[in-house]
Each structure stands twice: as structure tokens, then as C-alpha cells.
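**Q** My questions all concern the structure below.
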Amino acid sequence: MTVLTYFPTPYRDELLYSVLARYHVRAGNISPKVTMSELFGKSSTRSSVDFQANLTALVKRLPIGSVYTEDEFIRNHSLLPLYLPFLDQKKSQKAISLVMGEDGRGIRALVGVTASSVSAITSLQFCGDCFIQDREQYGEAYWHRIHQVSGVLVCPEHGSRLLKSNRLLQDVNQHEFIQADDENIEMCTYVIDDSIDTRVLQRVANEMRWLLNASLTPFHENYLRQQYTKVLQSKGLALPSGRVRKKELIKAFCDIFPQDILQLLQSEIDETSDQTWLSAIVRKHRRAFHPIRHVLMMSFLCGSTEDFFTGKGIKEPFGNGPWKCFNPVVNHFEQEVVHAKEITYCYDSKKVVGQFTCSCGFSYSVREKIGKEIQRKDIKILCYGEVWEQKLKTLIQERATLEVMSTALRADTETLKKQAIKLGIAGKWKLLKGRKNQLIENFPKEESGTEYQDKWLQLLIDFPDDGINKLRLRAPHIYAWLYRCRKEWLKENSPKEKGKIQLRARVDWNQRDEMLLSLLHEILTKWDESEADKLLQKTFKSITRKTGKQSWFEKVPQKIPRSVEYVSTVVESKDEFQIRRVKRVISRLGTEFDVVREWQVYRLSGINSKLASSRVKKFIEIALENQTMI
Ligand SMILES: [Zn+2]
Ligand SMILES: [Zn+2]
């Protein structure tokens, strides 16, 4: 093996390809194959701009005393570091061994370049300012690797538009190296028009440069997806379930990266399509995404790629905790001791809502106020918790007055009453001699037990994913009663594990459907009777509400098919409802007046004659005509 007597010193961010091109010129070889043979010991070695292979052979031939290693070439002089973080551990190892080994074929397919919709550069690219600067400083120009990255269209250093060599890479002999000299750039052209605003492009180029030099190791398979989802959730762009709010995401994203810029970056988003790369990149990755797309996503989410990785740009909607507990009866009142937090999303206010639960049982929710500390006045108390409840109970037993309790428990009297009733420890307020407003402990009677048990079972059906704590919050009084009086039963009829429910008795939905159906018949026959003064439109909501089993219709309609079917046949349209009102008004007026006037009908049935549909108008017209005939 012949060791090289000379090897050019790679410049900062110089592509290995460029170093080898300089070697070829210095060596004075005419045939590229001779150069290949000298460098790699094999004349058939191919040259590669982005992933030069056969590195081990090259390193072995470097002049004695040379400090360069394969790793140095890969890390600082190839484009591989851009792709490595997004491959799994195994593929990343494979990629490295491919470029170290003799035959680098397969590397492009492995890192995802081959299948990518972002195409690679077609000619070597450079920055005019860097070119001049390098010549002044080193006496020669060279190919910078950052300028060869797809998606880098301006120099991150100078902000100037990149130029591309007049020699197309596909036309160059596969053993040859193109040097950064005058001949190869004589006919160069800009990669983008000068009418384009380069500010966003320079920012993107800077992000790509950071990623290229960050020496990131491969992430865990789910890491990116989880981080993306987490930040999207904190921005209200993904639901607590993790589902992305696609439309909102696209809108927010395009506000930062306009479509014309995205097009230049080969990453445009079809706003009408359901399948954009933007929502796909958040899901489990079945295929590789080009680094430019990750960089765009990260910059969008956190301001910069670096802040995404350091976590600096990830803003937790309520800070990092612990958060304050506002339970007034504990020693840690207003101290930051709460560690459990759950984030939900409020559709009405379009705000993130945090739900905080302290170990003392006190739990509250609060809407996000960015950058502001949670204050007592902003919170909505969800549950006072065992400690507070126990104190309330004790005070009631001690027959404390409402004023005393109100001060001790820091709650207004209405709240105290409600809580006492919820807990099942107060039936009603009684005035006792000499004492005002005392709550008398009064557990529900034994008979309400079955009713509570039924309601509890219903909760298990309605909220199959809830654990015991959530269920408890949904019906604290039922839970409290069952806990006291039917402890064993409650234990047997609680979710065993989160998400798993074992019901003792199977519910006969068929029977329920039948009973519900006859209840519906009854409700509909008496519909107008119960609404004596004001008629009520027969809508899905109004009908199902009257059954008291609205949750069945909403949660398990497939289990009550006949009832659902029946409701759908009796609901009224707006017109039908107006006509029903008109009929009633006419029949009532008919008993009072000889001739009923049109304006009377409109006014009394509450219909705006200008807005009424032609169907309603026609009906009134005909009805009144018939009356004159009589
Ligand atoms: Zn430059
Ligand atoms: Zn607490």
C-alpha cells in the first residue's frame, strides 16, 4: 500500500469532495482514475458530493502523522450529519459503515434521499461573497458543504443568493471531481430570482447549518413525534388526545412560512388536501422526511431548531410546576406543592385549560394565561377533596354556624350548602331555636341506595375510559354515599385498571331499547300537553332530553337502534314547527274571532312574515282562505 506524501488540509466546512478535487489538481494527474487509485487504492472508486464512500481506505493512505479520521470526515466534511439524527440507531450505524466501506451504494436509499420528494442539488453551489473571501484568505476557493444542502438557497453567513456551477453533476464522469475554479463557475446562475425576499430563506439556511454542525445522535423512534405533539398541544394545535387540528396547523404554519417560500424549499402544502407532509410528520414515521421539513417544523414550533432540541422553545402552558394548591384548610395553602396536571382544550374559548390536582384532594381548573402565574381568582374549583370535606363534615357535626363555616372553609354559604348536599351529609337547612342556619347531618335514606347504584353503573358505561378518580369527580355525592354505605359493592363495581371495566351484571340493551321506545311514544303523544303555553320544537335534543337518557343517545346510539330510528322520524324541521304553531294559533283565534287576520297569525305564532319560508306563507294563506269559505 502506498501512503500519500501530500494531502490538502480541509478548510472549515469544506466538502470532502472539494478537498479531493484540490488533491487531484495539486497531484497534477490527468486521469481521474489515477487520482482515485492514489487516494483509495482502487481506480473504480466513485466520487460523491454528499456521501463520499471508501473512507477507511482513504484514512489508511493519509500521510504519516495525519490527524484525520473517518469520523472527522463524516462529521465535518460530509452531509451525513444532516440525516443521521432522523434515522434509527440501526440505520444510522449502517449509514456510517456504508461510507466507511468500499462500496457506498445504497446510502442514498438508506437515508431517504432517493425516495424523497425534496430533490438533491443538480450542480455544485456556492456563495459569491464566500468565494471572494476564501480566495483572499486562502488563495483559493472551495466548495462549502452547507451550500450543497437542499433547502439552502442563500448563504447563511452573507445572506446572498447562492449561485450554481454551469456543470451539471449528472454530466460529470463518476470518477471525476469538479474543482471550485473559474472554469467551472464561469457561466454560473443564481438558484433563485432576485425578486425573492431572502430573509426567511436565510433563517432557514441558518437552521440547516445548526443542524449540520450539531452532531446530534439518533433520536429514539418516538421522540420526535412526542415532542411535536407536545408543543402542538401547548399551542392549542393538537387535541389532548394527540390528534392534530390540521386546518389550524396549516394556517398558523403558513403565516410564518408563506407558500411561495415553501415552494422554493420544495415543501409546499396543499391546503385542500387531507394528506399534507405537515400533518404526516407528526404521526408515526413510516418513511423518512427530508431534514428541511423537520427544520421547518421545529422552527415553526419553537422559533429555532436549537430551541426545539434544548427544550428552551417549548413553552409549557402553565410553566413547569409545581403549582399552587388553593385548598384553604391545609397548611400548604397557596404553596407550590401541586405536581399533577392534565391539559385539555376548551373549544369555546379556544384556550388551553389546565386541571390541577393536589395530593390533599383539592382540584381546580384554570384557563391558560400565557406568562402569568395562576391566581386564586382565576381558578374554578372542581373538587374540594377529602381534607376540606372532612372539615366541613366536622363543622356540621359540631353545629357551627354558617358564618363560622364560611370563614373556616373560605367558601360562600351557597357553596357550603351545595357541597354538603353533594356529600350527602345535609338534607336541608333547618332553623333551630336560638341558632341560625345550621346544617343538619342527614344521610340519604336506604331506599335511594339502588338508585345510586344504578347511576353509578350508568357512569361506568358512559365513561368507559375513566379511572376511579375521574368517575368520582363526575358524581362526588353518589361516590361518597356508596363509599360510606356500600363499600364492598363499590369496590366490585369500579374500574379494575385504567380503561378496563368489569361489570358484574351484563346490561340488556335490547330491553332498554324497547323500554326507551315506549317511553318515547308516550312523550311524543303528550308533547303539546306538557308544553301548554309555549310550543317546543321537536328536535333530537329536545326529545332525547325528555327521556332523561340523553347520554345513551349521544354515547351509545348503536345500542338503542330502534329508539334512535324512531326519534329521527318524528323530529321537526323549522318549517314544520312553524306550521304547528300556526295551526294552534288559528284554532285558538277561531274561537274568539269570526275572521282571523293574517297579521294576527304571524304575530301570535311569533313568525316574522318577511322571513317566513314560502311553504309557511302558503300554508297560512290556504288556512285563512278556507276559513272565509266557511
Ligand atoms: Zn457566503
Ligand atoms: Zn393541597
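**Q** I'd like the full set of residues that are under 26 Å from Asn213 (Cβ atoms), loosely packed, with under 14 Cβ neighbours inside 10 Å and touching a residue at least 40 places away in the same chain (Cβ under 8 Å), limited to the range 42-74.
**A** Ser66
**Q** Looking at Leu519, Leu524 in this structure, which one is farther than 22 Å from Arg584 by Cβ and either at pLDDT 85 or above or not assigned by TED's automatic domain parsing to the domain that holds Ile579 (or both)?
**A** Numbers: Leu524 fails: farther than 22 Å from Arg584 by Cβ.
Step by step, each of Leu519, Leu524 is checked, and only Leu519 is farther than 22 Å from Arg584 by Cβ and either at pLDDT 85 or above or not assigned by TED's automatic domain parsing to the domain that holds Ile579 (or both).
**Q** A further question follows. Just give me the residues in the range 462-495 being in a helix (DSSP H, G or I) and surrounded by 17 or more Cβ atoms within 10 Å (Cβ to Cβ), in sequence order. Steps first, answer last, please.
**A** Within the range 462-495, the first condition is being in a helix (DSSP H, G or I), and the residues that meet it are 462, 468-474, 476-485, 487-492.
Matches in the range 462-495: Leu471, Arg472, Pro476, His477, Ile478, Tyr479, Ala480, Trp481, Leu482, Leu490.
**Q** If you scan the range 316-345, which residues turn out to be buried (at least 17 other Cβ atoms within 10 Å of the Cβ), touching a residue at least 40 places away in the same chain (Cβ under 8 Å) and of a type outside the set (Val, Ile, Thr)?
**A** Correct list: Pro317, Phe318, Trp323, Lys324, Phe326, Asn327, Pro328, Tyr345.
**Q** Given the conditions (1) within 16 Å of ligand 1 (Cβ to nearest atom); (2) at negative phi; (3) assigned by TED's automatic domain parsing to the domain that holds Glu72, report the number of the one that Asn213 does not fulfil.
**A** With (1) within 16 Å of ligand 1 (Cβ to nearest atom); (2) at negative phi; (3) assigned by TED's automatic domain parsing to the domain that holds Glu72 applied to Asn213, the lone miss is (3).
**Q** Could you list, in sequence order, the residues of the range 1-38 that are in a loop (DSSP other than H, G, I, E, B) and more than 20 Å from Phe131 (Cβ to Cβ)?
**A** If the condition is that a residue be in a loop (DSSP other than H, G, I, E, B) and more than 20 Å from Phe131 (Cβ to Cβ), then Met1, Thr2, Val3, Leu4, Thr5, Tyr6, Phe7, Gly28, Asn29, Ile30, Ser31 are the ones that fit.
**Q** So, one more: When the range 599-608 is examined, which residues are found to be more than 15 Å from Leu624 (Cα to Cα) and either among the polar types (S, T, N, Q) or surrounded by fewer than 16 Cβ atoms within 10 Å (Cβ to Cβ) (or both)? Don't jump to the end; show me each part of the working.
**A** Our first condition is that a residue be more than 15 Å from Leu624 (Cα to Cα); within the range 599-608, this holds for 606-608.
Passing the criteria: Gly606, Asn608.
**Q** So, one more: Scan Leu82, Leu153, Leu98, Leu163 and give me the residue that is in contact with a Gly (Cβ under 8 Å, 6 or more places away or on another chain) and closer than 30 Å to Lys284 by Cα. Step through it out loud before you land on a result.
**A** On the way: Leu82 fails: in contact with a Gly (Cβ under 8 Å, 6 or more places away or on another chain); Leu153 fails: in contact with a Gly (Cβ under 8 Å, 6 or more places away or on another chain); Leu163 fails: closer than 30 Å to Lys284 by Cα.
Every option except Leu98 fails the conditions.
**Q** What is the number of the single condition among (1) at pLDDT 95 or above; (2) more than 16 Å from ligand 1 (Cβ to nearest atom) that Thr189 does not meet?
**A** Checking Thr189 against (1) at pLDDT 95 or above; (2) more than 16 Å from ligand 1 (Cβ to nearest atom), the one that fails is (1).
**Q** Can you tell me which condition Ser273 does not meet? The list is (1) over 29 Å from Glu342 (Cα atoms); (2) of a type in the set (Gly, Ala, Ser); (3) within 16 Å of ligand 2 (Cβ to nearest atom), and all the others hold.
**A** That leaves (3) as the condition not met.
**Q** Among the residues of the range 225-258, which ones are under 19 Å from Thr272 (Cα atoms) and of a type in the set (D, E, K, R)?
**A** Arg243, Arg245, Lys246, Lys247, Glu248, Lys251, Asp255
**Q** From the list Glu136, Glu157, Glu140, exactly one residue is within 26 Å of Val25 (Cβ to Cβ), away from ligand 2 (no atom under 16 Å from the Cβ), among the acidic types (Asp, Glu) and exposed (fewer than 14 other Cβ atoms within 10 Å of the Cβ). Which is it? Show your work before the answer.
**A** Numbers: Glu157 fails: exposed (fewer than 14 other Cβ atoms within 10 Å of the Cβ); Glu140 fails: exposed (fewer than 14 other Cβ atoms within 10 Å of the Cβ).
Just one listed residue meets the conditions, Glu136.
Table: residues versus (1) more than 13 Å from ligand 1 (Cβ to nearest atom); (2) polar (S, T, N, Q).
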{"residue": "Phe131", "(1), (2)": "no, no"}
{"residue": "Gln137", "(1), (2)": "no, yes"}
{"residue": "Leu153", "(1), (2)": "no, no"}
{"residue": "Pro156", "(1), (2)": "no, no"}
{"residue": "Ser165", "(1), (2)": "yes, yes"}
{"residue": "Leu169", "(1), (2)": "yes, no"}
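**Q** Moving to a separate point now. Quick test for you: out of His290, His339, pick the one residue that is outside the structural domain of Leu392 (by TED's automatic domain parsing) and either at pLDDT below 90 or within 13 Å of ligand 2 (Cβ to nearest atom) (or both). Full working, then the answer.
**A** Numbers: His290 fails: either at pLDDT below 90 or within 13 Å of ligand 2 (Cβ to nearest atom) (or both).
After applying the criteria, what remains is His339.
**Q** Would you be able to say whether some residue in the range 23-35 is under 21 Å from Gly139 (Cβ atoms), of a type in the set (D, E, K, R) and crowded, with 19+ Cβ neighbours inside 10 Å?
**A** no
**Q** Here is a further query. Answer with yes or no whether Ser273 is away from ligand 1 (no atom under 16 Å from the Cβ) and assigned to a loop (DSSP other than H, G, I, E, B).
**A** On the way: away from ligand 1 (no atom under 16 Å from the Cβ): yes; assigned to a loop (DSSP other than H, G, I, E, B): yes.
Criteria met by Ser273.
**Q** Any residue in the range 170-190 that is under 36 Å from the mean Cα position of the chain (by Cα), more than 16 Å from ligand 2 (Cβ to nearest atom), over 30 Å from Lys33 (Cβ atoms) and outside any loop (DSSP other than H, G, I, E, B)? Step through it out loud before you land on a result.
**A** Within the range 170-190, the first condition is being under 36 Å from the mean Cα position of the chain (by Cα), and the residues that meet it are none.
Looking for residues that are under 36 Å from the mean Cα position of the chain (by Cα), more than 16 Å from ligand 2 (Cβ to nearest atom), over 30 Å from Lys33 (Cβ atoms) and outside any loop (DSSP other than H, G, I, E, B), one finds none in the range 170-190, hence no.
The values are calculated or read from the model by the stated rules, or taken from the named source; none is laboratory data. Here the structure is a predicted model, which means the values were calculated and not measured. Neighbour counts run over all protein chains shown; Cβ positions are idealised from the backbone, glycine included.
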